[in-house]
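Asks: Sharing a structure with you now.
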Ligand code: ITT
């Protein structure tokens with residue numbers, strides 16, 4: 001019988017990526033919404049891992065016999081000392097459009113040469129198993145902040161995050177291309193290995 005995985009996120013884009021990446025594993029990925037659970041705990045942690053675990057723990061008590069997953073992710077820009085980092089969703093305000101957030105970040109890098117525009121997406125996944133055991137995995141993808149947004153795919157900061165090997169932004173990649181190299185893809189592949197060890 002396939003196992004139920006409840007993914008603790010309110011972000012539908014993440015759900016879509018997780019379903020694509022865990023495809024083929026004998027699990028059924030359900031969202032909080034589908035399970036009738038509402039949860040938006042305050043992300044008071046100081047690391048991606050702490051915040052991911054806070055989100056997972058907030059719903060683990062409400063589900064029976066399911067694997068609970070939560071992700072906390074964000075963009076670290078080296079020239080800005082790692083900003084927006086764990087505050088990526090909250091940068092310039094939670095309700096501010098990504099057109100505005102992306103334009104602001106590009107503006108803050110005005111005149112900065114390519115070699116100093118390095119950045120990475122980071123994703124921590126927290127997992128709580130039905131027996132209460134917990135672990136986290138982390139994935140990253142290295143890139144740089146471009147001079148203008150490009151691409152319609154993905155979400156969030158994807159239009160300004162460029163990957164040298166592909167010569168385009170992650171918003172210009174197909175979902176398959178992005179998942180194959182992304183921070184969330186890498187963290188989920190590590191999670192998948194961990195789960196396979198424990199089953
Ligand atoms: P949940 O907390 O409900 O999961 P959220 O969108 O608030 O949803 P986070 O707190 O993890 O999620 O914030 C992550 C933010 O980092 C996200 O809103 C984007 O701005 C950015 N981000 C994360 N992964 C990204 C990706 O693959 N592409 C573009 N931006 C990404």
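The values are calculated or read from the model by the stated rules, or taken from the named source; none is laboratory data. Here the structure is a predicted model, which means the values were calculated and not measured. Positions of Cβ are backbone-derived with ideal geometry, glycine not excepted, and every protein chain shown enters the neighbour counts.
Asks: Mind listing whichever residues of the stretch 38-66 are more than 13 Å from the ligand (Cβ to nearest atom) and at pLDDT 95 or above?
Replies: First, the residues of the stretch 38-66 that are more than 13 Å from the ligand (Cβ to nearest atom): 46, 57, 60-66.
Scanning the stretch 38-66 gives 46, 57.
Asks: While we're on this one: Please enumerate the residues belonging to the stretch 57-72 that are touching a residue at least 60 places away in the same chain (Cβ under 8 Å) and crowded, with 24+ Cβ neighbours inside 10 Å.
Replies: Those that are touching a residue at least 60 places away in the same chain (Cβ under 8 Å) and crowded, with 24+ Cβ neighbours inside 10 Å: 68, 69, 70, 71.
Asks: Here is a further query. Six or more apart or on different chains, Cβ atoms under 6 Å: show the pairs whose first residue is in the stretch 1-24 and over 21 Å from residue 62 (Cα atoms) and free of Cβ contacts under 8 Å to residues at least 12 places away in the same chain and whose second is part of a strand (DSSP E or B) and more than 12 Å from the ligand (Cβ to nearest atom).
Replies: Sorted first by the residue in the stretch 1-24, then by its partner, the pairs are 19/29.
Asks: Looking only at residues in the stretch 129-152 that are assigned to a loop (DSSP other than H, G, I, E, B) and within 19 Å of the chain's Cα centre (by Cα), which one is nearest to residue 112 (Cα to Cα)?
Replies: 151
Asks: Taking the stretch 21-37 as the region of interest, how many residues are away from the ligand (no atom under 11 Å from the Cβ), in contact with a helix residue (DSSP H, G or I) (Cβ under 8 Å, 6 or more places away or on another chain) and either assigned to a loop (DSSP other than H, G, I, E, B) or modelled with pLDDT of 90 or more (or both)?
Replies: Total satisfying the criteria: 3.
Each row is one residue, and each column tells you yes or no for (1) under 18 Å from the mean Cα position of the chain (by Cα); (2) over 16 Å from residue 73 (Cβ atoms).
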residue	(1), (2)
99	no, yes
112	no, yes
118	no, yes
166	no, yes
172	yes, yes
189	yes, no
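Asks: Give me the residue from the stretch 101-119 that is part of a helix (DSSP H, G or I) and more than 12 Å from the ligand (Cβ to nearest atom) and, out of that set, surrounded by the most Cβ atoms within 10 Å (Cβ to Cβ).
Replies: My answer is 106.
Asks: Of the residues 153, 179, only one is modelled with pLDDT under 95, within 12 Å of the ligand (Cβ to nearest atom) and surrounded by 15 or more Cβ atoms within 10 Å (Cβ to Cβ); which?
Replies: Within the list 153, 179, the selection yields 179.
Asks: In the stretch 158-176, how many residues are away from the ligand (no atom under 11 Å from the Cβ) and part of a helix (DSSP H, G or I)?
Replies: 2
Asks: From 125, 86, grab the single residue that is within 11 Å of the ligand (Cβ to nearest atom), in a helix (DSSP H, G or I) and in contact with a strand residue (DSSP E or B) (Cβ under 8 Å, 6 or more places away or on another chain). So that I can check it myself, show each step before the final result.
Replies: Working: 125 fails: in a helix (DSSP H, G or I).
86 is the lone residue from the list that is within 11 Å of the ligand (Cβ to nearest atom), in a helix (DSSP H, G or I) and in contact with a strand residue (DSSP E or B) (Cβ under 8 Å, 6 or more places away or on another chain).
Asks: Collect the residues in the stretch 53-69 that are assigned to a helix (DSSP H, G or I) and touching a helix residue (DSSP H, G or I) at 6+ places or on another chain (Cβ under 9 Å), keeping them in residue-number order.
Replies: 59
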